[in-house]
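Here's the structure, in structure tokens; my notes come after.
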């Protein structure tokens, strides 16, 4: 009988944005394997902004956030939101 397995991995993490602040894009792949051979792969993306709670993110994403989401970046992002009237 065939064995199906499902694996979820963060296969791409990107830092994007301008000089004032940067967002972190995280792509997660869900891989379905049949007897160890990949038969399907699907993707999900989410963005982590300087204003987001990162407690549920992976250690790697948290480390990147600590590096790029400085107090200055958080202030610039808050100003951006105010200017866009999204707050």
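We did not get these values from a lab; they are worked out from the coordinates using the rules stated. All values derive from a computational prediction rather than experimental measurement. Reconstructed Cβ throughout: ideal geometry from the backbone, glycine too, with neighbour counts over all protein chains shown.
Could you work out how far helix 59-68 tilts from the main Cα principal axis of the chain, as a 0 to 90 degree angle to the nearest 10?
Roughly 20 degrees between the two axes.
Which order do peptides 69-78, 37-46 fall in by mean Cβ count within 10 Å, highest first? Could the numbers behind the result be given before it?
Numbers: 69-78: 15.3, 37-46: 10.4.
Those peptides, ordered most packed to least, come out 69-78, 37-46.
For the chain, what is the calculated [θ] at 222 nm in deg cm²/dmol (nearest 500), taking -39500 (n - 2.57) for each run of four or more DSSP H residues and dividing by its residue count?
It comes out at -8500 deg cm²/dmol, rounded to the nearest 500.
Taking a virtual spin label 7 Å from the Cα of residue 6 along the C-beta vector, which residues in the range 22-56 bring their backbone nitrogen under 19 Å of it?
Zone members listed by number: 27-46.
Would you order 81, 4, 64 from fewest to most other beta-carbon atoms within 10 Å of each residue's own beta-carbon? Walk me through the numbers on the way to the answer.
Working: 81 14, 4 10, 64 20.
In increasing order of surrounding Cβ atoms, one gets 4, 81, 64.
Which option, [x] 58, 25, 20; [y] 50, 30, 19; [z] 57, 36, 16, is the value of Cα extents along the principal axes in Å that was calculated from these coordinates?
[x]
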